[in-house]
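Would you mind keeping the following structure in view while I ask a few things?
The values are calculated or read from the model by the stated rules, or taken from the named source; none is laboratory data. Quick caveat: nothing in here was measured; it's all calculated off a predicted structure. Glycine gets a Cβ as well: all are built from the backbone with ideal geometry, and neighbour counts include every protein chain shown. To get the accessible areas, we keep the full protein, side chains included, count just its heavy atoms, and leave off ligands, DNA and RNA. Shrake-Rupley method; radii C 1.70, N 1.55, O 1.52, S 1.80 Å.
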Amino acid sequence: LRKAFDNQRLDAAFMAKADADARRQIEIMSDTIDTFRAFLKPDKQKMAFSPARVAREAIAFLERQLAASHIQVQMDIAPEPLSVMGNPNEFKQALINLIVNAREAIKTRAASGWSGVGRIAVTLTSDRGRVILRVADNGGGFEPGHLPSLFDPYFTTKEAQGGTGLGLYISRLIIEDGMNGRMEARNEADGALFLIELAESPHG
């Protein structure tokens, strides 16, 4: 808002969009608080939900941050209606964690002198009753020695930037313990790849 005001672009249309964006982000943050408040409850209710819808919401939530870092996002979401069982807010938080991790890797690579264009690709497909979600980036990938510890609690390579080492650990808990899925990470091409596999729910 300050930048728009200084550049004399603070008109009614800009304010309406800024207001809508702020409300959407506040709602997601509120959902995140509720999600973590209930995270350790053993009797959490699971429901069928659309992973495609949640993936789009996660990307929309981070849209401004990614644009500010000059990172392009490519989405390839399966057109058929897919459904999985779990908690949609927890799944959204897991996906946000992965995209933020990709963003930080790209920013670190750029800070080291790399002049390429940052890219994050989010792909959602299905195969023989399995829903497959891939988050790939061109941030240079992981140090090979770090791969076995990526999902360990409190493991972080970003201590100086305030990293807690809990984001990937919690993401894996959500996917594997909370949704009976599988999650892995590996280096691929010019960056890192996170792969999530979930059983497709017949209750769409």
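In debye, nearest 20: dipole of the chain around its Cα centre with unit charges on the Cβ of K, R (+) and D, E (-)?
340
When DSSP beta bridges are limited to those with both residues in the range 1-144, what percentage is antiparallel, rounded to the nearest 5?
The antiparallel fraction comes to roughly 60 percent.
Okay, moving on. Kirkwood hydrodynamic radius, the range 33-152, all distinct C-alpha pairs: what's the number in Å?
In the range 33-152 this quantity evaluates to 15.9 Å.
Whole number in Å², please: accessible area per residue of the chain, 1.4 Å probe, ligands, DNA and RNA not counted.
For the chain, the solvent-accessible area averages 57 Å² per residue.
Also, quick follow-up: Whenever you get a sec, line up Thr108, Thr123 from highest to lowest accessible area (probe 1.4 Å, protein heavy atoms).
Largest accessible area first, the list is Thr108, Thr123.
For labels at Ala22 and Arg128 in the simple 7 Å Cα→Cβ model, what's the distance in nm?
In this crude spin-label approximation the distance works out to 5.2 nm.
Something else now. In nm, to one decimal, how far is the Lys107 label point from the Phe5 one, both placed 7 Å along Cα→Cβ?
2.5
Separate question: Could you rank Asp6, Asp31 by how accessible they are, 1.4 Å probe, largest area first?
Descending order: Asp6, Asp31.
Which whole-number percent is the relative contact order of the chain (Cα, under 8 Å, 6+ apart)?
Reported as a whole number, the value is 21 percent.
Moving on. When the helices in the chain are scored as -39500 (n - 2.57) per DSSP H run of 4 or longer and the sum is shared across all residues, what 222 nm value do you end up with, to the nearest 500 deg cm²/dmol?
Calculated mean residue ellipticity at 222 nm is -12000 deg cm²/dmol.
Now for a different question. Which listed residue (Ala4, Phe142, Ala67) has the Cα farthest towards the positive end of the charge dipole for the chain, taking +1 on Lys and Arg C-beta and -1 on Asp and Glu C-beta about the Cα centre?
The listed residue farthest towards the positive side: Ala4.
Work out the charge dipole of the chain with +1 on the Cβ of Lys and Arg and -1 on the Cβ of Asp and Glu about the Cα centre, then indicate which of Val117, Ala52, Ala94 is farthest towards its positive end.
Val117
Then there is this: Roughly how many percent of the accessible protein surface of the range 54-204 is carbon and sulfur, given a 1.4 Å probe and a whole-percent answer?
50
If you average 1/r over all unlike Cα pairs in the chain and invert the result, what Kirkwood radius do you get in angstrom?
Here the Kirkwood hydrodynamic radius works out to 18.2 Å.
Residue farthest toward the positive end of the dipole of the chain, with Cβ of Lys/Arg at +1 and Asp/Glu at -1: which of Ile132, Leu166, Ile28?
Farthest towards the positive pole: Ile28.
For Gly139, what residues show an amide H to amide H distance below 5 Å, using hydrogens built from the backbone and excluding near sequence neighbours?
Ala192
In nm, what is the difference between 0.36 nm times the number of residues separating Met15 and Gln74 and their Cα-Cα distance?
Contour length minus Cα-Cα distance gives 18.5 nm.
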